[in-house]
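Asker: Right, I'll just put the structure down here and ask away after.
The values are calculated or read from the model by the stated rules, or taken from the named source; none is laboratory data. Being a predicted model, the structure only gives us computed values, none of them experimental. Ideal geometry is used to build each Cβ from the backbone, glycine not excepted, and the neighbour counts take in all protein chains shown.
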Amino acid sequence: MVPQWDFLDLLAGAAAEEPNFTLRMNTRVTGLRRNGDRVTGVRFLDENGAPGELGASLTVACDGRDSVVRQAAGLRQREFEVPMDVWQVRVDAPPSSQLRSSRGDPHADSLKGGRVFAHFGGGQVAVTMDRGTYFQTSYLIGKGRDAELRAHGIQWLRDQLGALFDWDDEVTGAIASWDDVKLLEVTFGRLRRWYRDGLLCIGDAAHTMSPVGGVGVNLALQDAVAAARILAEPLRRGTAGTADLARVQKRRQLPMTVVQRSQRAEHTMISSAPAGTLDGDRLPVPVRLLRRVPPLRTVTGYLGGIGIRPERAPAFARVSSGARSH
Ligand SMILES: Cc1cc2nc3c(=O)[nH]c(=O)nc-3n(C[C@H](O)[C@H](O)[C@H](O)COP(=O)(O)OP(=O)(O)OC[C@H]3O[C@@H](n4cnc5c(N)ncnc54)[C@H](O)[C@@H]3O)c2cc1C
């Protein structure tokens with residue numbers, strides 16, 4: 001529920017306390033260095049556009065779904081079909097009289113504090129997230145239909161969101177033009193093998209996640225923690241090889257596969273929403289169960305937030321262990 005930029009700042013701040021960590025902002029990896037088949041680091045363009053090279057005993061591709069590093073290594077994901085793309089817009093925080101829960105009841109107070117609500121209505125699905133002064137809203141559209149739908153006037157989108165969330169024209173009027181509507185293209189797939197000699201892909205670079213369920217960031221982080229835990233010692237000894245990289249994939253394959261299976265099932269459930277034909281009275285059974293049996297939300301919250309194979313930082317990486325010099 002945390003805004004991504006705050007979370008990234010938190011990570012960068014914590015990492016900066018490590019004596020051997022360097023963060024190079026505005027530096028773009030453009031390709032790989034190699035020695036024969038072995039990856040030995042990256043090529044990059046720095047913040048001034050000047051080319052450079054960085055040698056590494058292990059290169060970790062954590063550059064997301066369009067990973068340049070993955071492509072440069074010749075690794076290709078098997079892609080799965082997805083029914084939707086996402087439009088993202090901001091509106092000013094609506095007055096409390098215009099806040100309601102996804103079940104339709106007035107819910108002003110409990111919406112405060114970064115809560116997220118999915119709304120099913122008029123055959124569609126949208127999610128809005130309370131960011132205090134504004135609401136970040138994601139609206140599902142059919143895959144590849146961005147240009148076609150933008151041919152409607154912007155009032156069309158305002159009306160759709162107004163109907164979904166009970167927002168009046170004053171609230172939706174904050175969407176001044178289509179320039180305020182950002183297209184986020186959804187892709188979904190996975191690598192068969194996450195590594196090559198000297199290179200490991202993790203997160204979306206290894207397995208591109210769909211937004212449904214909001215679990216891709218957690219999986220990526222858990223990959224990173226598992227990789228650090230498994231590889232710290234071999235890297236320190238200078239012996240990290242492909243067998244160690246394979247151990248990382250083996251550790252993370254099951255939770256990734258389970259989450260992607262569940263996302264594929266969720267895609268099927270909501271596939272009629274982008275077409276506007278999702279029947280609000282015949283919502284998928286899991287959605288109806290979640291609405292009727294609130295304790296189930298704790299279970300899904302646990303599965304999304306902690307997952308089936310939680311990762312924990314090893315003792316040597318914890319600030320309180322006093323073992324930072326390890
Ligand atoms: C529309 C949409 C909405 C989503 N919503 C959610 C959600 O609410 N919750 C959730 O958990 N997941 C969500 N996901 C999935 C989630 O975004 C990913 O699973 C997650 O971000 C993967 O983390 P990552 O660290 O592997 O990659 P990313 O978060 O994509 O991070 C990659 C990083 O690499 C950097 N980078 C890229 N290329 C280069 C380069 N050449 N050189 C240097 N740096 C580079 C990027 O700037 C970025 O900082 C959503 C996905 C989509 C498409």
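Asker: Quick one: is residue 64 touching a residue at least 12 places away in the same chain (Cβ under 8 Å), within 13 Å of the ligand (Cβ to nearest atom), part of a strand (DSSP E or B) and of a type in the set (Gly, Ala, Ser)?
Answerer: No; evaluated as a whole, the condition is false for this residue.
Asker: Specify the residue that is modelled with the highest pLDDT; the eligible residues are those in region 84-101 that are assigned to a loop (DSSP other than H, G, I, E, B) and surrounded by fewer than 19 Cβ atoms within 10 Å (Cβ to Cβ).
Answerer: For region 84-101, the residue satisfying everything is 93.
Asker: Taking residue 45 as the residue in question, decide whether it is within 10 Å of the ligand (Cβ to nearest atom) and either surrounded by 12 or more Cβ atoms within 10 Å (Cβ to Cβ) or at pLDDT 95 or above (or both).
Answerer: In short, yes.
Asker: Could you list all residues from region 211-241 that are near the ligand (Cβ under 7 Å from one of its atoms) and closer than 13 Å to residue 256 by Cβ?
Answerer: Listed by number, the residues that qualify are 215, 216, 218, 219, 220.
Asker: On to the next question. Considering only region 189-210, state which residues are assigned to a loop (DSSP other than H, G, I, E, B) and near the ligand (Cβ under 9 Å from one of its atoms).
Answerer: 202, 206, 209, 210 - these are the residues of region 189-210 that are assigned to a loop (DSSP other than H, G, I, E, B) and near the ligand (Cβ under 9 Å from one of its atoms).
Asker: Given the residues 186, 171, which is the only one that is in contact (Cβ under 8 Å) with a residue 40 or more places away in the chain, closer than 26 Å to residue 4 by Cα and part of a helix (DSSP H, G or I)?
Answerer: 171
Asker: Here's another thing I want to ask about it. Only one residue in 123, 132 is of a type in the set (Gly, Ala, Ser), over 13 Å from residue 181 (Cβ atoms) and in contact with a helix residue (DSSP H, G or I) (Cβ under 8 Å, 6 or more places away or on another chain), so which one is that?
Answerer: 123
Asker: Could you pull out every one of the helices (runs of 4 or more DSSP H) wholly within region 228-326 that has 2 or more residues that are modelled with pLDDT of 95 or more?
Answerer: Here the list reads 242-270.
Asker: Kindly provide the set of residues from region 16-42 that are at pLDDT below 95 and in contact with a Leu (Cβ under 8 Å, 6 or more places away or on another chain), ordered by number.
Answerer: Within region 16-42, just 16 meets the criteria.
Asker: Do any residues in region 279-296 that are of a type outside the set (Phe, Trp, Tyr) have Cβ atoms under 7 Å from those of residues that are modelled with pLDDT under 70, where the two are at least six apart or on different chains, and which pairs are they?
Answerer: Every condition considered, the pairs that remain are 280/121; 291/103.
Asker: Which one is nearest to the ligand (Cβ to nearest atom), of the residues in region 134-182 that are surrounded by 14 or more Cβ atoms within 10 Å (Cβ to Cβ), within 27 Å of residue 265 (Cα to Cα) and within 20 Å of the chain's Cα centre (by Cα)?
Answerer: If we take residues in region 134-182 being surrounded by 14 or more Cβ atoms within 10 Å (Cβ to Cβ), within 27 Å of residue 265 (Cα to Cα) and within 20 Å of the chain's Cα centre (by Cα), then 138 is nearest to the ligand (Cβ to nearest atom).
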